[in-house]
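The values are calculated or read from the model by the stated rules, or taken from the named source; none is laboratory data. Keep in mind that what you see is a predicted model, and the values were worked out from it rather than measured. Cβ atoms come from the backbone with ideal geometry, glycine included; neighbour counts cover every protein chain shown.
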Amino acid sequence: MNVNITGRHFVVSDGLRQHIQARVEKLEHHFNRIVEAHVILSVEKFRTTAEVILSGRHLHIVCKETTGQMYSSIDKVMHIIEKRLTRFRDKVREHKARRYSKSTQKGQRLLNKIVGTGLLIEKQLPPSNLMTISDAIIQMETEAKDILAFKNKEDGKIHIVHKRDDGTYGMYEGSVN
């Protein structure tokens, strides 16, 4: 991450620069797609202001805080930025989780369509296909398959695991009536 530190109306000391650098690096624990952080520090009479601008992929956050001392301004603005980053990260995770649940529903419809059209020749899976999801992925990798249907040991439902173009795995789950 690229960190720029600017001081308005004063020179930023090395200790202050190290404090800012340490606090900004901690932000990567909350969200790892931060590309650049610009910290602007200013002094006006008895007020000190810290402003942080974070930029990244699909991310732009600006926060400004004013107090009587520079270190407290920095700590307050970083606390607010941490809250915002955590909220943004959770929002992104929730969005991806909703997308996954939609694909599971799509898989259920696909499974019902296959059963309804008569394309499914055998309703009962052989006992060798009783496995966990991780076992199914390992079997796909060893046999170089792109798709595998199996009955899950844990819940008894039929799952279809497929390999996506980007190398990740997708899964549909359903039950055959």
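Odds and ends about this structure:
- Qualifying positions in the stretch 137-170 - surrounded by 13 or more Cβ atoms within 10 Å (Cβ to Cβ), in contact with a helix residue (DSSP H, G or I) (Cβ under 9 Å, 6 or more places away or on another chain) and of a type in the set (A, V, I, L, M, F, W, C): 148, 149, 150, 158, 160, 161
- Test result for residue 173, acidic (Asp, Glu), surrounded by 12 or more Cβ atoms within 10 Å (Cβ to Cβ) and at pLDDT 60 or above: yes
- Being in the same structural domain as residue 27 (by TED's automatic domain parsing) and either within 30 Å of residue 32 (Cα to Cα) or modelled with pLDDT of 80 or more (or both) is a description that applies to residue 72.
- Qualifying residues in the stretch 1-46 (those that are of a type in the set (D, E, K, R) and not in a helix (DSSP H, G or I)) - the one surrounded by the fewest Cβ atoms within 10 Å (Cβ to Cβ): 45
- Neighbours by Cβ (under 6 Å, 6+ apart or cross-chain): first from the stretch 27-39, modelled with pLDDT of 90 or more; second surrounded by fewer than 20 Cβ atoms within 10 Å (Cβ to Cβ): 35/55; 35/56; 36/2; 36/55; 37/3; 38/4; 38/53; 39/5
- Residues located in the stretch 136-154, provided they are of a type in the set (A, V, I, L, M) and outside any loop (DSSP other than H, G, I, E, B): 136, 137, 138, 140, 147, 148, 149
The rows are residues; the columns are (1) among the basic types (Lys, Arg); (2) touching a Ser or Thr at 6+ places or on another chain (Cβ under 7 Å); (3) in contact (Cβ under 8 Å) with a residue 24 or more places away in the chain.
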site	(1), (2), (3)
2	no, no, yes
6	no, no, yes
9	no, yes, yes
14	no, no, no
24	no, no, yes
42	no, yes, yes
60	no, no, no
78	no, no, yes
